[in-house]
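Right, one structure below, let's go through it.
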Amino acid sequence: MELTEVLNVILISATPISELRGGIPVAYFRYDFEWYWAVLVAVVGNMLPIPFLLLLFDPVVKLVSKVAWIKRLVEWFFRYTRRRGGLVEKYGWVGLTVFVGIPLPITGAWTGSVLAYLMGIEYKRALLAIFLGVLIAAVIVTTFCVLGWDAYLFLKR
């Protein structure tokens, strides 16, 4: 396990869309990390931007909303995200945990951060809910990898 490999997994896991759903398979299949190292590095990478996202959404949204076309884009994105957030709207931070924990596209920690902001979930509860959801997703993705079910077989090449 080289430093560049660890940094790659952290970077993949920290980016929206791939998050740890991409980081764990890359670590496990491409870099041959043991499953527990793959999980640890990917969870750290996935959670790295979340505290900043939760803290900075409000000031950033207020700042960029001063530009008309960006304001329309932000409003569209929030409408789109809110439609996906019925579970969070109904069950609060517990729903947020489940939402983030389901390892499907557009259900990760980044989208969970946006939903927490939109639903007005307190920072500490949101951070805990997202962290628990990330752990649930890590267990699911790791289980699939260890059992050999791999949607990322091209990484073995």
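All of the numbers you see were taken from the coordinates with simple rules; none came from a lab. The shown structure was predicted, so the numbers you read here are calculated from the model rather than taken from an experiment. No Cβ is skipped: glycine too gets one built from the backbone with ideal geometry, and neighbour counts run over all protein chains shown.
Which of the residues spanning the stretch 1-39 are charged (D, E, K, R) and in contact with a Gly (Cβ under 6 Å, 6 or more places away or on another chain)? The answer is 19, and nothing else. Scanning the stretch 128-137 for residues that are of a type outside the set (Ser, Thr, Tyr) and closer than 23 Å to residue 62 by Cβ turns up at least one hit. Looking at this structure, is residue 3 of a type in the set (A, V, I, L, M, F, W, C), under 24 Å from residue 126 (Cα atoms) and either free of Cβ contacts under 8 Å to residues at least 60 places away in the same chain or touching a Lys or Arg at 6+ places or on another chain (Cβ under 7 Å) (or both)? No, not satisfied. Of the helices (runs of 4 or more DSSP H) lying entirely inside the stretch 33-130, the ones with 1 or more residues being more than 27 Å from residue 6 (Cα to Cα) and either of a type in the set (D, E, K, R) or out of contact with any His (no Cβ under 7 Å at 6 or more places or on another chain) (or both) are found at 50-64, 68-84, 86-101, 109-119.
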